[in-house]
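These notes concern the structure reproduced below.
The values are calculated or read from the model by the stated rules, or taken from the named source; none is laboratory data. Small disclaimer: the values here were computed from a predicted structure and weren't measured. Please note: Cβ atoms are built from the backbone with ideal geometry, for glycine as well, and neighbour counts cover all protein chains shown. SASA here: full protein model, heavy atoms, side chains in, ligands and nucleic acids out. Shrake-Rupley method; radii C 1.70, N 1.55, O 1.52, S 1.80 Å.
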Amino acid sequence: MPDRTHSVLDGSTFVVGDRLGDICAHDGREHGFFAQDTRFISRWVLQVGSSPLGLLGLDQSSHFAAQFFLTPTVGPDEPAPCSIMRRRLIDHVWIEEITVTNHLHETSEFPVMLEIDTDFADLFEVKDGVVATRDVTCAHDRQTLSLDYCRGQLHRGVTIAASRQGDITRRGFAYAPRLAPGEQWSTTFTITFAGTPRVGQRSARASRRNAHPDMDGLRRAKADELAQWQACAPALQTSDPALARTYTASLGDLAALRMRPEAGSGATLPAAGLPWFMAPFGRDSLITSFQALPYLPSLAATTLRTLATDQAQTRDDFQEQEPGKILHELRRGELTELGLRPHSPYYGTADATPLFLILLGEYHRWTRDDELVRSLEPNARAALAWIDDSGDQDGDGYVEYARRNVASGLINQCWKDSWDSIQSADGTLARGPIATCEIQGYVYDARRRCAHLAREVWHDTPLAEKLDLQADELRVAFRRDFWMPERGCHALALDGDKRRVDSLTSNIGHLLWSGILDAKEATATVTRLFEDELYSGWGVRTLGARESGYNPLGYHTGTVWPHENSLIVAGLARYGRHDHAIQLAAAILRAAPHFEHRLPEVFAGFPAALTTVPVAFPTASRPQAWASGAPLLLLTTLLGLEPGDTEVHGDIAGGIGEVALTGAGRAYAREASQALSAPGAGR
């Protein structure tokens, strides 16, 4: 968003502040220094002199660092007394350097005050806007301030160590440098955190021994690491500078969102998005890994291994566990640690399990990595069993969901997981158990892919035949039960009474991606997708504009989601609708420059003829993983990239122009090799 700037490392430790570099969480904003789903710093406000500071410039060319150029505000005819540069870098810890330069022609004193506070809030509290008061203890000397919070065995602590001595109190650090004309003064702060029982990074106390690392050296090392990571992806040549910038931004955002599930491991998977979703999410991590497979296949390998490790093995209503189920979300904050939230992990999703199988099949298609597929065979079989058993709550052949944790579980457990997303054309909310149409498509696709793996890798012909038969039967039943002849498309869902939820939604586009439709149904679906009820000119809306619940600013009730549109584009190409695929892909790619080439999680559904620019959604995550992956899947689809291609090019219509990808084969080999060096996770 325009009033905030982000610095992120590994998708786990990050700072959110304003464009001056300040953190001001007192007014309910999502500002803070976050790690382990905890806000370790809630106030970080710099004052130099008595006048408010103003922004001269902001450099945030990388996700892990930022530079803020500031000066005290003065009248139009007054000279600026000084300039202030704040340099910030995140590398497991937060490092910030403050430099003041005297621009007066006389020796002058410049009082410097850094106000500091913490609330140790759980991220869920920050998101909900209701933060409990905690008893925080303080210890300090002339150079270090430590703040701690304990609740039984749970501990959270943060230490701020300065490179200069100063006057330190519970409120922060104060200095009074006296500078000659042109003289500079600087100090560096290193902010470390500690938490139990799960310690994600180095402890604050241990870090004091190396409190002031070489900031320039760290920045160079991190820039080199990022360049090496991006170099693993294919090189893009294009006649469109905007597309080139979007491609680079997508790779950069995926780098910013990387999480390391095991300390010290080079293996990474994508967190879902900043600021609320900096955690492993089953659905998000799986779809993002799918989108990025031809470019960065190690993301898929790590995602599959990590999710297999936490695959449910028991039944638990609080966490909504069922044997074989893939998690929805894993958190490490206080509310989760104390058992007040079910996210350790939480399994309230009906689509992550078939998506796990889809990614496994697609990963094998691109990499031919028999070893990983064999190691995850028990997990795949457990996931298939969940689809047949717990996933199909009433034995009608469809995967349904109905929350069992009524206190804090999700009402809707499909990708549109907001409370009002599953509604009929008249706006009536569906009652569960709910079987959404796209999940049935995912199940169909998962069975087809696993049938192939059973034949080629697991050498289990009876299983392959069973899965193909189940897929055939599902396709026939789905056509019978979901098709709405009066609307010319499939229903959004079946409700708990097996009535069709009859709204016109983008979900029908997922059916093209999964391949569950026949040719006639595909034709009808394409027609509906590109009528002005769903197609805004910037993309396909989540809900038709003439449905009662339509809202162009509703999270899942009229907005445009880039990731969903990338799946629809892939589905259009699957059914040979290449002109429509180009049209939709071009619309999404045209939107990217309006968001600094970094596609957001979601944007408004206003028609292009009305707005002339895509309208931002006020709380959209950016960077967000599957939005960052969308341009990659669009390129894969538009170029017809297939496994084994090392170079592919084309002159694409729709204003996209000449595009070429080179070095894809190198990416598979290098990235797959890195992934296979990670520890195994199959049961």
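What the table below lists for this structure:
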item	result
Difference of contour (0.36 nm per residue) and Cα-Cα distance, residue 646 to residue 127	182.4 nm
Size of electric dipole in segment 1-149: Cβ of Lys, Arg +1 and of Asp, Glu -1, about Cα centre, debye, nearest 20	200
Under 23 Å from the Cα of residue 498 - lysines, other chains or at least 8 residues apart	416
Residue-normalised accessible area of the chain, given per residue in Å² at a 1.4 Å probe	36
Options 378, 360, 335, ranked by Cα towards positive dipole end of segment 267-392, top entry (Cβ charges)	360
Sulfur and carbon atoms: percent of accessible area, segment 411-472 [1.4 Å]	51
Placed amide H near residue 413: partners under 5 Å, 5+ positions off or other chain	none
Mean Cβ neighbour count within 10 Å, used as a protection proxy, ranking 116-127, 639-650, 484-495 highest first	116-127, 484-495, 639-650
Within the accessible area of segment 543-609 (1.4 Å probe), percent carbon and sulfur	50
Calculated [θ] (222 nm, deg cm²/dmol) that DSSP helices of n ≥ 4 give over the chain, each run adding -39,500 (n - 2.57)	-10000 deg cm²/dmol
When the convex hull of its Cα atoms is projected in every direction, mean area for the chain (nm²)	30.1
Rounded to 10°, Cα long-axis angle of helix 664-676 versus longest principal axis of the chain	80
Percent carbon-and-sulfur accessible area, segment 275-373, ignoring ligands, DNA and RNA, probe 1.4 Å	45
Estimated FRET transfer efficiency when R0 is 51 angstrom, pair residue 385-residue 109 (beta carbons, to 0.05)	0.10
Integer Hz, Karplus 6.51/-1.76/1.60 couplings in order for segment 122-137, x for Gly and Pro	5, 4, 5, 5, 4, 5, 7, x, 10, 10, 6, 7, 10, 7, 10, 9
For the chain, with +1 on Lys and Arg beta carbons and -1 on Asp and Glu, the positive-most of 427, 652, 143 along the dipole	143
Between segment 168-195 and segment 263-308, the alpha-carbon center distance in angstrom	38
Whole-Hz couplings from phi, Karplus 6.51/-1.76/1.60, listed for segment 614-624; x for Gly and Pro	x, 9, 5, 8, x, 10, 5, 6, 7, x, 9
Proximal aspartates and glutamates relative to residue 466, as straight alpha-carbon distance under 13 Å, when same-chain residues fewer than 8 apart are discounted	388
Magnitude of the charge dipole, the chain, Cβ model with Lys/Arg +1 and Asp/Glu -1, debye to 20	1000
